[in-house]
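No value in this document is a laboratory result; all are computed from the given coordinates. Quick caveat, the model's predicted, so the values are computed rather than measured. All Cβ positions, glycine included, derive from the backbone under ideal geometry; neighbour counts span all protein chains shown.
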Amino acid sequence: MAVVVDLTGKVAVVAAASQGIGRAVAEALARAGATVSICARSPERLEQARRHIHATTGQEVHAYVADVTREADVRAWVQEVVDRWGTVHIAVANAGGPPAGTFQELTLDQWDMTYRLTLRSVVHIAQAVLPLMQAQGWGRLIAIESVSVRFPLDRLMLSNSLRLGVVGFLKTLAREVAPSNVLVNVVAPGYTRTERLLELATQAARRRGTTPEALLDEWAQATPLKRLAEPAEIAHAVLFLASDLASYVTGQVLVVDGGLAPTI
Ligand SMILES: NC(=O)c1ccc[n+]([C@@H]2O[C@H](COP(=O)([O-])OP(=O)(O)OC[C@H]3O[C@@H](n4cnc5c(N)ncnc54)[C@H](OP(=O)(O)O)[C@@H]3O)[C@@H](O)[C@H]2O)c1
């Protein structure tokens, strides 16, 4: 018997999805039959992503300009989706990555900003979607974090710190909402070929007097699979967690890192 992920009839919201991992997730969910809404801040890139996902999947895709650090934006986005399609079944909490830097380099303002971007944004999304999911007795909340929740990555002080807060929050939340058949999980990517990774490689290359390509190759070689992930490979893990195949999985961190994390 073929195992097929069929999300026909499911409504999904994917945050921060105009490019990179978010866009790949939205595309994978739409390809599996879900009706998808995406958000991001830049209207042009968002519209490009909407058209791209519609063209590659044939699904209707809704897009809404929203900054996930702003609670009112997230609420208005989810309300527009509910007005249009009645509910939300699957919510993917994603955002841009926090600034890189060591403890000495980072300012308190950057700590505050990362709290809003990385942790508070997930709370915004959870608050907006959980009442719908609990009322209907079915829901999936999935956050995109990082392999940095398994071991600290050099110069990613903010990611290493705040993402652990997200994991603690979602592990606790998973227990609270499990009786309503709402499952809460985290996907933790390793080095994935996106604009964000290229930006990190460009910054590191400048500091070390080398090229971004050399840095990307170094990170690929540091990974046991000897290559970077493609965004679709992260999206497939989200797809699994969003589907009925994962009906008994909650409160987990699914690391998709090509074997990078040296931890058990
Ligand atoms: N790529 C990797 O190797 C890797 C590895 C581990 C973890 N991660 C994490 O995975 C997440 C996604 O990474 P990525 O590589 O796909 O990043 P990316 O290529 O930089 O894309 C980020 C997306 O988020 C949107 N965004 C950023 N800030 C936002 C905000 N405040 N509100 C709404 N949308 C926002 C961006 O659009 P706008 O700018 O238009 O808003 C864009 O669509 C990040 O948290 C990243 O740190 C990435």
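Here the extension length gained between ASP112 and ARG207 equals 31.7 nm, from 0.36 nm per residue of separation less the Cα-Cα distance. Length gained on full extension, GLU44 to LEU164: 39.9 nm, using 0.36 nm per residue less the C-alpha separation.
Measuring nothing but how far apart in sequence close Cα pairs (under 8 Å, 6+ apart) lie, relative to its length, the chain scores a relative contact order of 19 percent.
Computed from Cα positions, the angle between helix 231-242 and the longest principal axis of the chain comes to roughly 40 degrees. Computed on the Cα trace of the chain, the radius of gyration divided by the Kirkwood hydrodynamic radius gives Rg/Rh = 0.95. In the calculated pair-distance distribution of region 1-90, the portion above 19 angstrom amounts to 34 percent of the Cα-Cα pairs. Taking 0.36 nm per residue of sequence separation and removing the Cα-Cα distance, the ARG196/GLN79 pair yields an extension gain of 39.2 nm.
Cβ-to-Cβ counts within 10 Å put PHE151, PHE240 in ascending order as PHE151, PHE240, the fewest first. Separation of region 236-264 and region 135-181, taken as the distance between their Cα centroids, equals 12 angstrom. Loop-located trypsin sites (Lys or Arg not before Pro) across region 194-264 with a Cβ neighbour count of 16 or fewer within 10 Å are LYS226, ARG227, with loop assigned by DSSP. Taken about its Cα centre, the chain carries a charge dipole of roughly 180 debye when the Cβ of each Lys and Arg holds +1 and the Cβ of each Asp and Glu holds -1. Distance from the alpha carbon centroid of region 18-56 to that of region 184-216 works out to 22 angstrom. Of the chymotrypsin sites (Phe, Trp or Tyr not before Pro) found in region 101-186, the ones in coil according to DSSP and having at most 11 other Cβ atoms within 10 Å of their Cβ are PHE103.
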